[in-house]
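What follows draws every value from the coordinates through simple rules; no lab data is involved. Just so we're clear, the structure is a prediction, and the values are computed from it rather than from any experiment. Counting neighbours? That spans all protein chains shown, and the Cβs are built from the backbone with ideal geometry, glycine included.
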Amino acid sequence: MKRIYLFYTLLLLCNIAANSQKLAFDAKYVKVGVMSNEWPSCMANNPNLRDLGRLQGESFDQDRIGKQVLDLLFQRDTNGLHMDKLYEQALQNTTIEELEVALKDASAEVQDILKREVALQLLKNNYIIVFEKRQKRKKVKKYWVAYHVEIDDNIISQAYLNWRTPSTYDQIKVPVRFVAEGKVPDDTFDSNELMYAIGKKVPAFAVRGPVESRRPFLARIGGEMGVKERGRVFVYRFKEDNQGRLYSKKVCTARVTNVNPSHSTLYPITGLFPSTKKGDIAVLKDRHRSSVSVMGQGSFGEDARIGGRLQYEYLLDFSNHGLAQYFIGAVGYNRHDKEPYGVCFNESGVTQPTLNNLNISIGYGIGLNFLGRFELMPYVMAGYQYSFFTGSNDIYCWDNDRSSWVSLVDVNSNVRYVRYHSFIAHTGAMLNVNLCYPLQLSFGADYNLGTKNTRLSPILDCHTLNRVNLYAGLRLHF
């Protein structure tokens with residue numbers, strides 16, 4: 001059984017690590033070329049897209065459309081191919097890191113190197129978006145379908161070698177590959193919700209923009225692109241491998257604290273601080289504001305009890321100084337040791353009962369984020385608790401006031417007084433430590449208060465009900 005738990009734990013960690021780097025391969029700030037049969041305003045005004053032209057109708061010939069995109073990129077006309085526009089766009093999409101790499105090559109003009117290298121990225125980063133209507137359950141719904149134009153190194157090489165001989169160039173075959181599809185969100189065809197929906201399935205369309213300031217931490221992604229406060233942003237930095245090739249790596253995760261039309265203020269919650277000199281790119285990952293904690297619970301000593309807590313947190317606000325506000329909901333369970341012999345027994349005098357508590361609470365917490373790794377969260381909660389005994393049927397207990405054994409079953413009404421309801425309150429604090437964000441370690445302690453049932457006081461007097469509880473477990477952000 002332990003091996004099964006270990007296996008699922010490792011599987012969870014691998015899944016978190018994979019999702020946390022999902023956008024890394026596509027974080028470079030190269031504008032995405034798009035050909036579409038419709039151009040809603042959210043696409044027309046998106047600074048991350050390059051307009052390659054309009055498809056005619058709602059369908060296209062997959063055997064020919066890829067070549068048409070290649071012709072548009074090379075400005076194919078009756079006089080042949082023209083690369084001026086492609087090279088101009090390449091220079092506009094150059095990063096500081098690529099400029100530094102180009103400067104190392106003294107054998108050629110810097111701009112020629114940049115034009116050649118960045119033009120390759122522009123040629124490979126092109127999509128076709130088709131909007132079409134489909135009938136589902138007697139209702140007509142609009143869908144989007146995304147295809148990637150499969151221009152690879154071989155096709156680019158053929159184009160460059162034959163750009164002076166159009167007849168040979170025209171024989172080049174360019175396939176297209178289906179990437180993803182989805183329903184257009186209701187009443188959002190011209191809004192940024194459409195771009196956000198596409199970006200969740202096609203990372204190349206994710207909302208992104210360069211980091212423009214370190215203090216304050218500003219990125220060129222704003223409300224015009226669908227960014228909202230408290231959204232989660234990944235920041236990527238360009239690195240150079242041993243072969244001199246550039247790649248992007250996630251360096252930090254941040255929350256959006258303030259949004260204006262063109263820019264957003266961010267606060268880093270994990271990782272390195274962003275840098276404008278390194279050409280960092282901010283990519284909107286999601287707008288989720290929920291987290292779940294699974295923790296073991298214990299209160300030790302002579303009257304020990306153990307259990308667990310499942311806790312849900314919803315982010316209400318996040319300030320420029322890293323101060324978070326949470327709504328908290330939790331379900332907890334704990335059980336005491338068996339009642340000691342001589343205090344309680346059942347009718348046969350053998351089985352000792354065990355006191356159990358099951359509670360549900362809601363509350364409010366304030367999280368202070370610091371050092372890019374920690375969050376300290378004081379909180380208060382209040383709720384309902386159901387307590388009950390297990391392990392015995394007809395329970396008798398010793399009543400010190402009466403100096404006699406008392407049955408917890410009313411012989412006249414046959415009512416069993418082996419359970420009771422109460423109100424409880426918790427106040428305490430949690431310390432959350434980044435393990436492999438979005439996974440965190442959680443440690444905490446709180447003090448709980450609860451009302452006591454007088455009918456069960458002979459048993460409950462044997463326990464310390466109002467006490468300090470200790471917690472430890474894992475917290476996962478969604």
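Of the peptides 224-231, 470-477, 263-270, how do they stack up when ordered by the mean number of other Cβ atoms within 10 Å, highest first? Please report the intermediate quantities before stating the final value.
Details: 224-231: 19.9, 470-477: 18.1, 263-270: 22.5.
Sorting 224-231, 470-477, 263-270 by mean packing, highest first, produces 263-270, 224-231, 470-477.
Which residue, G199, V174, F234, has the largest displacement toward the positive end of the dipole of the range 165-247 when charges sit on each Cβ (Lys, Arg +1; Asp, Glu -1)? So the residue we want is F234. Prolate is the label for the range 207-287. Its Cα gyration tensor axes, ordered a ≥ b ≥ c, give a/c of at least 1.5 and a/b above b/c. Packing, taken as the mean count of other beta carbons within 10 Å per residue, orders the peptides 379-387, 138-146 from highest to lowest as 379-387, 138-146.
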